[in-house]
Amino acid sequence: MSPRGEAARGHREIRTVLGRLLDGEAAGSLHESTIDRVEFVTDDVAVVDGRARVTGVAPSLGGEAAVVVHGFIDVLVRRDGRWVISQIRAYGLESPGR
């Protein structure tokens, strides 16, 4: 789920949504994530709360001075000994001054 409420499921849809963003309004942007909390639901499931700061985006994405910030919640699962992202929920798209 994107900060704009766009839902994408599966590799093909996710690649399309992210590709459209990264080839358009966010072309050449820098993405920095801060993890605020990790909670283990089970030994093989974790919920991650964090914030993302994206610089160098087009003003049409909603950023002041080409910077946007949004929160996110990721659900990670352990598969074959590796942690993989199962779900991403981005929310609260805002300019840093708000």
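The values are calculated or read from the model by the stated rules, or taken from the named source; none is laboratory data. All values derive from a computational prediction rather than experimental measurement. Quick reminder, even Gly has a Cβ in these numbers, built from the backbone with ideal geometry, and neighbours come from all protein chains shown. Ligands, DNA and RNA are excluded from the accessible area calculation, which covers all protein heavy atoms including side chains. Shrake-Rupley method; radii C 1.70, N 1.55, O 1.52, S 1.80 Å.
Table for the structure above
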item	result
Proximal charge balance of GLU13 [Cβ under 13 Å; K/R count +1, D/E count -1]	+3
SER33 - accessible surface, heavy atoms, 1.4 Å probe, Å² rounded to 10	80 Å²
